[in-house]
Amino acid sequence: MFKREIKINFKSFILWTFILCAVFLVVFLIYPHLVKSDNMKMMDELLTIFPEDVLKSFNMDISSVSTAFGWLQTEGLMFIYLITGTFSAILGSNLILKEEDDKTIEYLNSFPITRTKIALFKISAGLIYIIAMVLFIGIFNYIGLISSEDINEKTFFYLSLSPLITSLVIFSLSMFISTFSSKTKIMIGISLGIVFGSYILNILSTISESIEFLKYLSIFTLADARNIIINSSFNPVMLFISLSLTIMFLVLTIIKYNKKELV
């Protein structure tokens, strides 16, 4: 059962990981040439005309884009959050629902195995792929960066692992919500809405103090990338909240799955 889940989702894992690595490969190849030209100086001068709140939303007020590592801490990091979050959302939506959508639920029920074990196998496969994606991308980026410039390895280490803080919550939440549905397409739409809605709320919360409260509605706030860049460490409170939410939603998923009427 577990091997089946790993095999089914392997192509999706490879595709999403390849997309991220391809983007960063291009960055590592062109950035050294940009830094040596006048384009980067013009970019830094251009950024000075933007409002401080706008720069803050992309961490550009505490990190310069004059290096590939600097870009990684700004736009690059948010790109990683979005891609890993999207992959986690789709994975969480599909793992349980695809059996009903593909009409293979009867095949699963023919095994002498409880629903709890089925859910645990699916959860385990999902967690392995999410962790593997984050680790693979982190290693890929590390090799690309150290080959061209000096980096703060401690900061890089925490930044590389920070997508797990958001992705695991998105995965577990999507999986839990999927137990209330029977249509994969609808569920994927809802999960993607959660990802991009969280991203928009996170950006809006940094633009004005009057709407700063919106950050508490965004899953991406849990990563607290600014704290990592400044202090080279995780925010223990956000880390605790993330782990608590992940465990809570996964437990609720198993409970609801056991009670769900499968068709």
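The values are calculated or read from the model by the stated rules, or taken from the named source; none is laboratory data. Keep in mind the model is a prediction, meaning the values are calculated, not measured. We place every Cβ from the backbone using ideal geometry, glycine too, and count neighbours over all the protein chains shown.
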| said: Taking the conditions exactly as written (over 16 Å from the mean Cα position of the chain (by Cα), modelled with pLDDT of 80 or more and among the hydrophobic types (A, V, I, L, M, F, W, C)), does Ala89 satisfy them or not? | reply: no
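Condition check ((1) of a type outside the set (Gly, Ala, Ser); (2) touching a strand residue (DSSP E or B) at 6+ places or on another chain (Cβ under 9 Å); (3) in a helix (DSSP H, G or I); (4) over 21 Å from Ser160 (Cβ atoms)) across all residues:
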site	(1), (2), (3), (4)
Ile188	yes, no, yes, yes
Ser198	no, no, yes, no
Leu204	yes, no, yes, yes
Thr221	yes, no, yes, no
Ile229	yes, no, yes, no
Phe234	yes, no, no, no
Ser244	no, no, yes, yes
| query | From the residues in the range 246-263 that are of a type outside the set (Lys, Arg) and not in a helix (DSSP H, G or I), which one is nearest to Lys122 (Cα to Cα)? | reply | Leu262
| task | Quick one: which residue in Ser174, Ser147, Ser182 is in contact (Cβ under 8 Å) with a residue 24 or more places away in the chain and within 19 Å of Leu222 (Cα to Cα)? | result | Ser174
